[in-house]
1. What list of ³J(HN,Hα) values in whole Hz, one per residue of the stretch B:139-156 in order, does the Karplus curve 6.51 cos²θ - 1.76 cosθ + 1.60 (θ = phi - 60°) give from phi, with Gly and Pro shown as x?
2. Largest first, what is the accessible-area ranking of A:V242, B:V9, B:V214 with a 1.4 Å probe?
3. So for the pair A:L122, B:D123, with labels modelled 7 Å out along Cα→Cβ, what separation do we get in nm?
4. Can you list residues from other chains, or at least 5 along the same chain, whose modelled amide H is less than 5 Å from the amide H of B:L215?
5. Specify whether the C-alpha gyration tensor of the stretch A:2-262 places it in the rounded, prolate or oblate class, a ≥ b ≥ c being the square roots of the eigenvalues: rounded for a/c under 1.5, otherwise prolate if a/b is larger than b/c and oblate if not.
6. Which Cα, out of B:L191, B:A203, B:Y16, lies furthest along the positive dipole direction of chain B (beta carbon charges, K/R +1, D/E -1)?
7. Pop a pseudo-label 7 angstrom from the Cα along the beta-carbon direction at both B:E222 and A:T167 and give the gap in nm to one decimal.
8. Taking R0 as 56 Å, what FRET efficiency do you get between A:L144 and B:S13 from their Cβ-Cβ distance, rounded to the nearest 0.05?
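The values are calculated or read from the model by the stated rules, or taken from the named source; none is laboratory data. Everything numeric here is computed off the predicted structure, so don't read it as measured data. Note that we place each Cβ from the backbone using ideal geometry, even for glycine, and neighbour counts take in every protein chain shown. Side chains are part of the model used for accessible areas, which takes the heavy atoms of the whole protein and leaves out ligands, DNA and RNA. Shrake-Rupley method; radii C 1.70, N 1.55, O 1.52, S 1.80 Å.
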Amino acid sequence: MTAWLAALYAIVAREALRFVHNRGRFLSALVRPLVWLVVFAAGFRAALGLSIIPPYQTYITYEVYIVPGLCGMIQLFNGMQSSLSLVYDQEMGSMRLLLTSPRPRWWLLFSKLMAGVAVSLLQVYAFLGIAALFGITVPALGYLYVFPALILSGLMLGALGLLISSTIKQLENFAGVMNFVIFPMFFLSSALYPLWKMAESSDLLRDICAVNPFTHAVELIRFSLYGSFNGWALLWVVTGTVAFFLLALVGYDPARGLMRRRG
Amino acid sequence: MTDQPALCVSHVSLSYGPKKALDDVSFALPRGRFCALLGPNGAGKSTLFSLLTRLLVTREGTIRVAGHDLAKNPRAALARIGVVFQQPTLDLDMTVMRNMRYFAALHGLSGRAAATRIDASLDRLNMRERAGEKVRALNGGHRRRMEIARALVHSPEVLLLDEPTVGLDTAARRSITAHVHQLAGEGLTVLWATHLVDEIDPADEVVVLHRGHVLKQATAAEIAGNGTLIDAFIAMTGGKDEAAA
């Protein structure tokens with residue numbers, strides 16, 4: 001077991017070090033949600049009235065509403081960034097080094113997932129800190145309660161990234177992922193608007209949002225930030241994590257062939 | 001166990017769709033020998049290396065490393081293999097030591113045990129004084145030496161090198177070839193894929209691979225007979241000037 005943990009630690013430390021060295025990535029990871037929070041939310045504040053919906057106990061401003069969605073957004077982008085870095089690793093060869101380790105392949109890939117989650121936690125907490133400087137805060141214990149929720153949502157979104165990386169043949173194809181995965185997942189969710197607001201314009205849109213796993217990741221984060229538990233969201237996120245991870249394992253199965261496609 | 005070959009490949013075949021990349025490949029390497037896997041480009045050397053490192057698997061044939069079946073007991077088999085891939089697999093912006101520590105941890109080594117083995121491996125390749133340098137600052141020859149040192153950290157019984165001198169200048173090529181021959185002299189079993197006959201000594205074992213088939217296994221001197229190895233190789237494979245490059 002010590003050998004397994006040594007591998008896990010090394011993979012997480014390597015990813016964290018690469019992230020810290022790459023200041024541009026850290027800054028862009030923070031700037032993106034902050035632009036949404038400061039610019040977008042300020043503009044839409046008047047346009048979007050919000051009713052009192054769980055877990056909130058009172059009327060809230062739009063900035064407060066979208067904070068959990070932006071935490072999810074950070075993790076979504078981070079999941080895709082990890083996916084990009086996996087494709088890069090495959091092209092550069094370091095994936096071969098990882099996969100020829102005598103640890104089980106599922107453990108190596110899980111360690112990769114955990115590395116991505118660790119990096120996303122750094123980003124989310126930095127974002128929550130800056131949001132607090134802007135006066136957008138949550139109950140003090142919420143910062144603690146959200147920790148396990150962020151691990152779970154990070155695992156699910158990381159597993160999705162892992163799955164995507166197993167299907168992408170070349171780095172150049174990655175831009176397509178942005179258009180076909182990140183944007184629909186983000187906009188067709190409860191990150192920016194509550195589902196009842198979506199239903200006002202289209203029931204179909206609401207239904208799509210309701211089956212989007214990202215919606216449930218956002219709701220899990222939202223409820224945790226306010227010290228509430230959302231079992232339905234938890235079920236969705238856990239199911240999504242397991243499903244995406246198992247499919248990713250199939251993609252990385254040497255018999256089926258990640259490396260087969262690459263020759 | 002010690003009587004068993006260090007590496008035994010039996011009746012291995014693999015197809016990419018309709019194309020047969022390897023067809024009934026069999027050979028065995030005795031322990032402590034330098035064996036060249038000699039074949040022109042496209043012979044199937046890299047495919048065979050992917051199978052030996054379990055990046056690919058096949059249902060046809062078996063591969064045993066130090067007696068461990070790679071399909072049935074992959075972890076035991078992989079733990080006994082050190083690999084240097086044709087494509088560099090280094091983190092350029094990290095130091096040599098960090099790269100070594102990362103690899104050691106993937107093999108379950110950490111702390112003092114890892115440090116001792118890393119120092120010993122770097123010493124074997126005369127790379128210890130470079131431990132604190134970023135890999136990006138190393139020249140091609142030193143990067144390769146570092147990769148070989150890294151492949152030795154977990155004390156493998158078999159060292160696989162897939163065309164490790166690609167892109168290196170003549171001096172670096174000669175130095176690395178000599179280093180690895182020395183490792184074989186110290187008891188390590190080496191499988192060295194190449195298409196360059198000047199990297200092979202007369203006493204080395206040679207497996208000639210061509211279009212997915214093993215054409216011959218013997219020492220380089222036996223294959224050369226009264227002529228030269230390059231002539232024999234060209235005669236076998238119908239190759240032209242590539243082998244002499």
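1. 7, x, x, 5, 4, 5, 4, 4, 5, 5, 4, 5, 5, 9, 4, 8, 6, x
2. Descending order: A:V242, B:V214, B:V9.
3. 3.5
4. Those lying under 5 Å, H to H, from B:L215 are B:V208, B:L209, B:H210.
5. It comes out prolate by the Cα gyration axes.
6. Farthest along the dipole direction, towards plus: B:Y16.
7. Result for the modelled spin labels: 5.2 nm.
8. 0.45
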